[in-house]
Amino acid sequence: MGASSSTEQPASAEQRELENIAASTGALPLLQKSFPNLSDPQTNAISVQTLQQCFHLCYEDPVCESQQKPESFPRLLDHLGSSIVDLFFLSEKGGINWLGFLGGYVKCCGRMSTSMSLNILLRIFAMAVKKLGLSSNLEFEPDDADCKINGSLLPSDLLLLLWMCWAMLWNARTLKSSERKGNLLLPDINHLVLSAVVACAEVDSSFDLWNCDIVGLDVQLPVGKFLNWAITTAPILSDCLTQYVNRRLQISVLAEDEAGSSESISGDMSPNASQALLLTRGRAWAISLAPRSTITEEILKLCFSADIVGTDENLLYRSSTHGKGLNRFWSNVEGYHGPLLVLISANSEDAYQDNNKARKWIIGALTQQGFENKDTFYGSSGNLYAISPIFHVFSPSGKEKNYVYSHLHPTGRVYESHPKPLTVRHHAMDKTYQPGSLIPNQGFLPVEASISEVEVWGLGGKTAKEVQDSYKKREELFTEQRRKVDLKTFATWDDSPEKMMMDMMGDPNRVQREDR
């Protein structure tokens, strides 16, 4: 055991405090098992090289969904493990002892505020950049308990930072052994970077969000504004470090054939698997980084599935596949009692282009329960999303409760050869969600757009899908039974529905005596 030597003599107050803090995170048993596997039995300490190798990220050459790929990123990942060890794990002459091991874990993965955990990510990133031999505009105040940071980030820096976080999460959730190298797929996350650029930098109204070179964009993102953006838009970003460190320690404990859990998905992810879908890996990850909710884990499963297209138990409806009619939509989502994510892709004219070029954008809505056919608002909570070309979350404000309105059955059955366009209005009057623009340069006037695709994703897990499947089977059975008319159930011909219909067709205006 890692603390076996400490049990031979009374533990110090420092050791007890660190063990209590580690226990509060649930990681103390893991630390006690991994320490003896990593340490030298003679010195009862872990060498710096051994711990750096433990936290080393193994991968094949990254494949990027976006055309914008900084050449320095693969080499940046090579310095990830050594940066974590050098920053947080104190080494003495014999190596890193039990106290240094405990203290290092608590410093980087202990319970702390969101701002502090984001600071730690920035420190790791800055250290890796320094080891790479590149310059950074981030400055850290020495010997400061709050790890205060000054300086700024470039959009290209932020892209590297976000990809570093994605790579840690990918490694923690997909690979089953420390020796195996998988193909690291880097998702297109330009919408996330642009979200930070618009929130933190000074850009004018002519800034083209659709045709923007992220890597070459020369604007400064002050670190203070970036942290405010991250706390609001991506507060779960720092979880990737804890998951990565825990996973690397688990692999050091378990044998290779036992390292994978039942929920981990091994195998390489196809770089083109999700390109046809509105919910790409990058967009799904952005949604998962928003304030933690019941859908976070289900969304992450989609992000790191071997084939996101094959997750048909989650994709309930897709207009290009199932049809664009309202009845088709309703038949695919009816009976699903769980969180739903609706994505809508549309095109609207660009007011800043002389040729009236159509610009594609994607918006989304999250409900905590399935759709209901009601003439009133309902629901307990939800989120609105601006997804592409820029990402933003509109969480509930707490002032109103008009979360969902879904009158799904039309009153008329009239076919429309030219369907009405989607109308997006600025929610200035309704206070249910935080205010803001769902599409770039929206303003306060209604915006009409032509819908190109709609997707509905069920995020209630297997149970919700099984309940919906049972509901559909019952509905099909009832429909089949209603189609069959058993004439034996009627006493006479005069009582039958056929007699009534023939009488109406013969003389529908005939005055009939009413029986009283």
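Among the numbered conditions (1) modelled with pLDDT under 85; (2) outside any helix (DSSP H, G or I); (3) surrounded by fewer than 17 Cβ atoms within 10 Å (Cβ to Cβ), the only one that Gln442 does not meet is (3). Restricting segment 147-156 to residues that are in contact (Cβ under 8 Å) with a residue 40 or more places away in the chain and open to solvent by 10 Å² or more (accessible area, probe 1.4 Å) leaves a set whose member that is nearest to Ala286 (Cα to Cα) is Ser156. Return the pair list, or none, for Cβ contacts closer than 8 Å from residues in segment 213-225 that are within 15 Å of Asn119 (Cα to Cα) to residues that are exposed (fewer than 14 other Cβ atoms within 10 Å of the Cβ), at least 6 apart or on different chains. Once the first residue is within 15 Å of Asn119 (Cα to Cα) and sits in segment 213-225, its partners that are exposed (fewer than 14 other Cβ atoms within 10 Å of the Cβ) give Val223/Asn150. When residues in segment 90-114 are screened for being of a type in the set (Val, Ile, Thr) and within 19 Å of Asn20 (Cβ to Cβ), 1 of them pass. Count of segment 444-485 residues, restricted to those that are within 34 Å of the chain's Cα centre (by Cα) and within 19 Å of Tyr336 (Cα to Cα), is 22. Picking from residues in segment 425-439 that are out of contact with any Lys or Arg (no Cβ under 7 Å at 6 or more places or on another chain) and of a type in the set (S, T, N, Q), the one that is modelled with the lowest pLDDT is Ser437. When we screen Glu60, Glu71 for residues that are free of Cβ contacts under 8 Å to residues at least 12 places away in the same chain and under 30 Å from Gly282 (Cβ atoms), the only hit is Glu71. The set of residues in segment 45-61 being open to solvent by 10 Å² or more (accessible area, probe 1.4 Å) and part of a loop (DSSP other than H, G, I, E, B) consists of Ser47, His56, Cys58, Tyr59, Glu60, Asp61.
Here Val467 meets the list (1) among the β-branched types (Val, Ile, Thr); (2) modelled with pLDDT under 80; (3) surrounded by fewer than 19 Cβ atoms within 10 Å (Cβ to Cβ) almost entirely, failing just condition (2). Tell me yes or no: at least one residue of segment 219-226 is open to solvent by less than 10 Å² (accessible area, probe 1.4 Å), in contact with a Ser or Thr (Cβ under 7 Å, 6 or more places away or on another chain), of a type in the set (A, V, I, L, M, F, W, C) and over 20 Å from Leu154 (Cα atoms). Looking through segment 219-226, none of the residues is open to solvent by less than 10 Å² (accessible area, probe 1.4 Å), in contact with a Ser or Thr (Cβ under 7 Å, 6 or more places away or on another chain), of a type in the set (A, V, I, L, M, F, W, C) and over 20 Å from Leu154 (Cα atoms). Taking the criterion of being farther than 21 Å from Pro70 by Cβ and in contact (Cβ under 8 Å) with a residue 40 or more places away in the chain, would at least one residue in segment 126-146 satisfy it? No; the residues of segment 126-146 include none that is farther than 21 Å from Pro70 by Cβ and in contact (Cβ under 8 Å) with a residue 40 or more places away in the chain.
The values are calculated or read from the model by the stated rules, or taken from the named source; none is laboratory data. It should be emphasised that the depicted structure is a prediction, and the values quoted were computed from it without experimental measurement. Here the Cβ is made from the backbone with ideal geometry for all residues, glycine too, and neighbour counts use every protein chain on show. Remember, those area values only see protein heavy atoms, side chains included, never the ligands or the DNA or RNA. Shrake-Rupley method; radii C 1.70, N 1.55, O 1.52, S 1.80 Å.
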